[in-house]
Every structure is written in structure tokens, then in C-alpha cells.
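Report on the structure given below.
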Amino acid sequence: MDTSPAADPGAAPMDPAAPTILDGWPGGPLGFRQRSIRYHRPRAPFCGRGDCTGCLVRVNGRPNVRACQYRPGPNDRIETENAWPSPRFDLGRIFDLLFPRGIDTTRGLLRPSAARPLYQRVVRRLAGYGRFPTPTVPSPPSAARRLEAEVTIVGAGACGRAVAARLALESPGPTVILDRTDTGPGPAGALRLYRTTAAFLPPPSATRERPFTLWAVGPDGEGLRIDTRHVVVATGGYDANLLFGNGDRPGVLTADGALALAAGADRPPFREAVVVGGGARAAEVIDRWGEWIGAVVAPGSIEPEVVARAAAHAIPLFPRTLLLRARGFGRVTGVDLAGRGSGPTFHRRTDAVILALRRLPNAQLFFQAGARLLWHPRPGGYFPRLTDGGESSIPGLWGVGDVAGDPPEDPIADGVRVAEAILGHRPSGEARPLPRWEPTELEGYVVELAARRRSRGKWVACACEDVLLHEVEEAVRRGYHGIEAVKRYTGLGTGLCQGRYCLPDALLWLSVLEHRPVPEIGYITQRPPVVPTPLGAWAGLPEPEEESS
């Protein structure tokens with residue numbers, strides 16, 4: 001699987017066999033050691049890949065370090081965020097109890113007028129990810145670098161390495177490959193920039209010999225400007241979220257998180273999990289942790305490969321079932337389910353909910369460059385529109401692997417195909433037709449879920465910013481239509497994950513509320529950088545007049 005360009009640029013690379021901060025957390029990796037920023041709800045690891053905000057901690061005075069990606073040193077000081085006096089007993093939890101339908105910071109908190117200064121202080125405190133960094137002796141920023149390349153590849157998974165290896169044989173200029181990890185062999189003949197994160201890909205300039213300028217951040221906050229003729233995006237995909245009541249509880253995690261947090265372990269960090277999904281990803285989770293899976297729940301049908309694997313472990317199956325709500329406070333203790341249609345509601349005990357029902361592409365770089373993306377209804381996400389050769393609507397910008405659509409059967413052959421198109425062995429071709437996916441299954445599920453939603457438990461639409469589904473619905477009632485307007489009114493999609501986990505579900509929900517198809521709902525503006533980036537990362541780059549001299 002290819003890797004995403006999103007990670008903490010200051011974090012140590014993730015070695016699945018190496019200990020991380022999570023190993024010492026109370027309750028194991030799925031325990032919680034922080035609280036959410038607005039309602040102080042308990043938070044725990046969710047994605048396991050450095051994209052979400054479920055495991056943020058303070059390390060040596062530096063806030064918002066993703067614990068799942070940080071390898072601790074012997075003298076590191078690890079502290080909690082957004083909790084006082086402790087994550088287990090946090091007095092800030094009063095906000096979760098006092099405001100079951102959300103805090104209206106736009107029209108509320110206006111009277112009495114004499115208390116407005118106090119209101120403003122409270123609101124500012126509820127809008128931040130912890131305290132400022134502890135003052136230390138400032139160190140000079142690392143010297144920024146400028147590179148030139150014929151082809152730059154973002155993502156060093158199997159597909160990205162295959163592209164680099166093929167280009168190394170005939171490419172007329174240098175090939176650069178960068179990846180946020182330092183694992184896996186590097187292709188011969190390419191300049192490897194591991195532990196390097198792609199941060200910004202602006203639209204190309206047609207007047208330059210190398211039209212693309214890719215901005216990246218190295219392992220020590222070093223800024224990189226890469227001027228290149230072609231960019232190959234091999235950033236892979238990720239397991240998406242699913243909206244349900246109390247879906248932010250500790251113990252709810254993606255298949256990415258379940259597999260990453262338990263890598264190299266003899267047993268997973270749960271005793272009996274419910275897997276949500278009926279396809280290949282659910283089968284992969286069962287293959288890894290079959291004896292610890294208590295049930296498989298799917299919004300639609302369950303594929304034969306999942307049925308066969310579940311039968312081998314005597315796992316009960318619940319196809320065409322709604323996931324209504326998670327129970328528990330410190331962590332998940334059970335789920336409420338209901339058969340689709342007029343099926344009755346029933347309860348199952350579990351200590352983990354693994355979301356393995358749909359994978360979406362890490363397509364932020366395509367959005368930033370201005371490439372055309374299309375909504376695919378079955379997985380419920382935007383995918384880049386590519387030709388047979390893998391070229392996007394912007395000449396010179398390519399996609400390969402999971403980010404291009406369905407996972408390729410042969411990643412090496414897929415990478416070679418794109419490399420040969422770049423080399424000119426064959427034209428990139430016409431735009432590929434969309435896969436024949438059912439356009440109604442997921443949308444129909446959301447329609448039924450909306451009809452059967454109950455008020456018990458918070459429905460958190462955006463876990464990073466603590467935006468409730470009720471607040472999204474209230475925004476629509478007040479005349480804010482389209483995802484960009486709703487984002488500006490509620491803050492949904494503006495957190496550190498940059499909308500990866502909230503926007504797909506929000507688009508589906510807005511489609512139901514506004515009675516129009518998702519493509520008409522639009523998408524939010526993808527502003528740089530892709531990940532939080534030190535301001536001094538590119539301070540050492542030459543000024544424009546120095547470049548031309």
C-alpha cells in the first residue's frame with residue numbers, strides 16, 4: 001500500500017515493530033490520554049497513520065505530536081492536552097453535559113453584554129489544540145534546499161517504486177522519490193528523500209521549462225523546493241469514516257488503525273471487535289484477527305470472501321444493517337444496530353468498532369494543483385479523473401496505485417504502465433470511464449440512517465473541531481447551502497486532518513438535507529500546506545531576484 005503525504009514533519013518515522021508512546025498509555029493503545037478541544041470528550045487513536053487528531057500529545061513542550069508516529073527517547077517528557085487535572089477526570093467535561101446540541105458561538109453567548117469578554121476568553125480556549133510551545137532557546141532553521149528533476153514521485157510504496165525503477169532506465173533527467181517514512185527499499189537510480197512530506201503542489205506554470213513546483217518538508221523541518229517537469233502522485237488511499245452516534249468514542253478506529261496499532265503484536269488491543277464492512281478490507285482484518293472478531297456488520301451485502309473467512313471463525317454476519325450508536329464513555333462497550341428497512345433495533349457487546357467498509361484516495365495534491373476530480377458514489381469520495389496512462393486533466397500530473405481508484409492487481413505493472421506513458425512509449429490516452437459502481441447503496445444507507453437517527457448520544461460530524469451533526473443541520477436551516485458555506489459557518493473540515501475523515505460523510509449528509517446530488521454540494525478549498533508546517537521551513541530559499549541573477 002502506498003503511503004500518504006500527511007504526517008507530522010517533526011515526528012520520527014514509524015517502525016511497526018518499534019515502541020511508541022501509545023504502548024505506555026493507560027488502557028493500552030485504545031485508552032485515552034487527551035480530550036477534544038470544545039466538549040472535552042475523550043479521545044484515543046483512530047487512524048494509526050498520523051492523519052487524525054485522536055492521539056495528540058505534548059512532547060518536551062512541543063504541542064500536537066501524533067503519538068502513533070513518534071518514537072520516544074529515554075528522557076522525553078510526555079504530557080496530555082486539553083485536560084485538567086487529568087484525562088480520566090477532566091473538569092472541562094462540563095461543556096459536554098451542558099451543551100448536548102452544541103455551543104452556538106456565532107449567535108449565542110451574547111447576553112448579558114457585560115459578560116462578553118469572559119465569553120470570548122472561553123470561546124478562544126475551546127478553539128485551540130492545547131497550549132503554545134514551551135519557550136526554549138531558538139535554534140536556527142535548517143537550510144532550505146532547491147532541487148531540479150525530470151520526474152518527482154510522491155509516495156514510495158510498491159507503485160511509486162516501480163515508476164522510479166522504470167524511469168531510472170531511460171529518463172533524460174533525474175528522478176526524485178519522496179515518502180514520509182524511511183521503510184522499504186529505495187529504487188536504484190533515483191534520489192531518495194525519505195522522511196519527507198509533500199506539503200503543497202500549486203498549479204503549474206506553462207512558461208517554465210519545469211512547470212511544477214513541489215514544496216516539501218524534510219525530517220528536521222528542512223524546506224525543499226523541487227522544480228520538476230512531471231509529478232507522479234502515488235499517495236495511496238485510506239480507510240474512511242462512517243457517521244453514527246458517539247462515533248468519536250475511544251475504541252472506534254479504522255482498519256488502518258487496527259492493523260497499524262497491532263503490528264508485530266501477538267494479539268490486538270481489543271478483546272471482541274465489530275468489523276463494519278463487507279468487502280476486501282474487512283476480509284483482511286478477519287485474516288489478521290479472526291479469533292478476536294465478534295461480528296461483521298455491513299451497510300449492504302457481504303462479499304463471498306468475507307463470508308468464507310467469517311465462517312472459518314464462526315463469526316456472525318449482519319448484512320444490510322444500520323450502525324446507529326456506540327455505547328460507553330471511557331471506551332466503547334457496545335453498539336446499537338438495526339436492520340435496514342423496518343428492522344428492529346438490537347444491541348451487541350463489543351470493545352472496538354473497526355471501520356473497514358470503504359477506501360478513499362489521498363487526493364489533496366490533485367485538488368491543490370487544480371486537477372479535475374469526480375465524485376464516485378459507491379465509496380463516497382472524490383477521485384482524480386485520469387487517462388489510461390494515468391495522466392490527470394493537468395498535463396504532466398499523474399496518478400498511480402490506490403490514489404487512482406481501485407487497488408491494482410499488480411502494483412509493479414501499474415507503475416511500469418505510468419512510467420512508460422511518461423517516457424513517451426505510448427500516449428496517455430483518453431480519460432478512463434468511471435467504474436460501474438452502484439450509485440445508490442451508500443446514499444440509500446445515509447437516507448435510512450437520517451430517518452432513524454435518535455438524539456441519544458452526540459453525533460460528531462468533525463472530530464478534529466468538535467462540530468456536531470446538529471450544528472450542520474442548523475446551518476442548513478439558516479440558509480447556508482453547499483459544503484464551503486457550511487464549513488465557514490461551523491468549522492467542519494478545518495482541523496488537522498484537513499477533512500479526510502469528516503468531509504465525505506458531510507457531503508453525503510448535506511445531499512440528503514438539501515435534496516440534491518453530491519457534486520452540486522461542491523468541495524472545500526484545499527489550502528496549503530497539506531500538513532502543519534514550520535514557518536521557517538523555507539526561510540532559507542533564495543529571493544526571486546537572487547534566482548534570476
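The values are calculated or read from the model by the stated rules, or taken from the named source; none is laboratory data. Values in this document were obtained by computation on a predicted structure and should not be read as measured data. Here the Cβ positions follow ideal geometry from the backbone for every residue, glycine too, while neighbour counts run over all protein chains shown.
Miscellaneous remarks
- Across segment 196-227, the number of residues qualifying as of a type outside the set (Phe, Trp, Tyr), under 22 Å from the mean Cα position of the chain (by Cα) and buried (at least 19 other Cβ atoms within 10 Å of the Cβ) comes to 9.
- Looking only at residues in segment 390-409 that are modelled with pLDDT of 90 or more and surrounded by fewer than 22 Cβ atoms within 10 Å (Cβ to Cβ), the one that is nearest to Pro203 (Cα to Cα) is Ile394.
- Residues of segment 385-403 that turn out to be of a type outside the set (Val, Ile, Thr), within 15 Å of His230 (Cβ to Cβ) and touching a helix residue (DSSP H, G or I) at 6+ places or on another chain (Cβ under 8 Å), as a count: 8
- Restricting attention to segment 317-333, the residues that are more than 13 Å from Val276 (Cβ to Cβ) and either of a type in the set (Asp, Glu) or surrounded by fewer than 17 Cβ atoms within 10 Å (Cβ to Cβ) (or both) total 3.
- Selected residue (only one of Thr228, Thr213, Thr235 is of a type in the set (S, T, N, Q) and assigned to a loop (DSSP other than H, G, I, E, B)): Thr235
- The set of residues in segment 451-469 being more than 23 Å from the chain's Cα centre (by Cα) and within 26 Å of Phe95 (Cβ to Cβ) consists of Arg453, Arg454, Ser455, Arg456, Gly457.
- If you go through segment 291-304 and keep only what is surrounded by 15 or more Cβ atoms within 10 Å (Cβ to Cβ), under 25 Å from Asp266 (Cα atoms) and not aliphatic (A, V, I, L, M), you end up with Trp292, Gly294.
- Gly160 vs. criteria modelled with pLDDT of 80 or more, in a loop (DSSP other than H, G, I, E, B) and within 28 Å of Leu201 (Cβ to Cβ): no
- You will find that of Ala18, Ala11, the residue that is surrounded by fewer than 24 Cβ atoms within 10 Å (Cβ to Cβ), assigned to a loop (DSSP other than H, G, I, E, B), touching a Phe, Trp or Tyr at 6+ places or on another chain (Cβ under 6 Å) and at pLDDT below 90 is Ala11 and no other.
- In segment 233-254, the residues that are free of Cβ contacts under 8 Å to residues at least 40 places away in the same chain never reach a residue that is crowded, with 24+ Cβ neighbours inside 10 Å and of a type outside the set (A, V, I, L, M, F, W, C) with C-beta atoms less than 9 angstrom apart, at least six apart or across chains.
- Looking only at segment 127-143, and only at residues there that are of a type in the set (A, V, I, L, M, F, W, C) and surrounded by 10 or more Cβ atoms within 10 Å (Cβ to Cβ), the one that is modelled with the highest pLDDT: Ala127
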